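The values are calculated or read from the model by the stated rules, or taken from the named source; none is laboratory data. These numbers were taken from a predicted model, which means no experiment stands behind them. Please note: Cβ atoms are built from the backbone with ideal geometry, for glycine as well, and neighbour counts cover all protein chains shown. The protein model used for the area step is the full one, side chains on, heavy atoms only, and it has no ligands, DNA or RNA in it. Shrake-Rupley method; radii C 1.70, N 1.55, O 1.52, S 1.80 Å.
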Amino acid sequence: MKKFFLISIVASLGFGLLGCGGDGAQLGTTGTLSFNLVDAPLSNVLELNITFDRVEAHLDGQWIEIAEPGIRLNLLDLTREAAPLGSAGVPLGTYTQVRLFVSDVQVVDDQGTHDVTVPSGLQTGIKVNIDATVTGGDITTILLDFNVEKSLRRQGNGQYLLQPVILAVLEVLSGTVTGTVELLDEPVHGALITAIYTEGDNYPLGTEVNTSTTDEQGEFKVWALLEGTYQITVSYTDPDTSLEFSSVVEDVVVVRQTDVSLGVIVLE
């Protein structure tokens, strides 16, 4: 079966992305559905701490509880390894949405600690559309990439607004791209990495599938990329001089469950 996903947009408005789960024999009356969470660093934020209170998945008009994790995560710690959000035995079928109930969201930056506004997220949950088929005897794991770079906005009063943008894929079908960005032989912190789909049938060609940013060592990891060929673009604006730098890597072939290392990318 073809696997197809789209990037989610502002999750609080109920939009998201689509994906198709795998085929499989109906070996029992329940299967396992699990969720893992990843993120990327931000250059101007030290921590983004969120308490996840409950995870639910939608099947045939009803919400099924996956977990009540009650865990507090700094999303900016999830740049290299995924954090589990919950796993449960659930009825067989095609699940169309997940919602994350969160509370006590805070940002730590160089000015201190700030409470974060999450429109509707605390009351109705952060919703992400999926299309994942759970079959008997299988574990269906969905990777949620919480794109903080696109989600977090600092307002004129210095406070923060979180309008979640989350990319979701079946973990078994996705790969990653890693590398290091340098300028004048020095690592670049805060460069924007964009993965654009250029060949394959998982997305429309030209789709901006996902983004990431480099950490203090100049390293990056772009998660949740379905198979195909990508153009990886790197852009950076020097905060001291306002000079702009960029680089492009063409024909990056991503294979499921595999990391593609681009080595050192030199900005020009």
Two-site FRET efficiency, Glu47 against Glu199, from Cβ-Cβ distance with R₀ of 25 Å, rounded to 0.05: 0.05
Cα-based shape type of the chain, given that a ≥ b ≥ c are square roots of the gyration tensor eigenvalues and the cut on a/c is 1.5: oblate
Carbon plus sulfur fraction of accessible area for region 168-268, probe 1.4 Å, in percent: 48 percent
Listed residues Gly175, Gly112, Gly125, most fluctuating in the chain (Gaussian network, C-alpha, under 10 Å): Gly112
Mean separation of Cα contacts under 8 Å, 6 or more apart, over the residue count of the chain: relative contact order %: 20 percent
Accessible-area ranking of Arg80, Arg154, largest first, probe 1.4 Å: Arg154, Arg80
Protection proxy ranking, peptides 69-76, 141-148, 95-102, average beta carbon neighbours within 10 Å, highest first: 141-148, 95-102, 69-76
Heavy-atom accessible area order for Leu226, Leu262, largest first, 1.4 Å probe: Leu262, Leu226
Relative contact order %, region 132-252, counting alpha carbon pairs below 8 Å whose residues are six or more apart: 22 percent
Residue of Lys221, Lys127, Lys150 that the Gaussian network model of the chain assigns the largest fluctuation, springs spanning Cα pairs under 10 Å: Lys150
Centroid-to-centroid separation of region 226-240 and region 86-147 [C-alpha atoms, Å]: 26 Å
Heavy-atom surface of the chain, accessible at 1.4 Å and reported per residue (Å²): 44 Å²
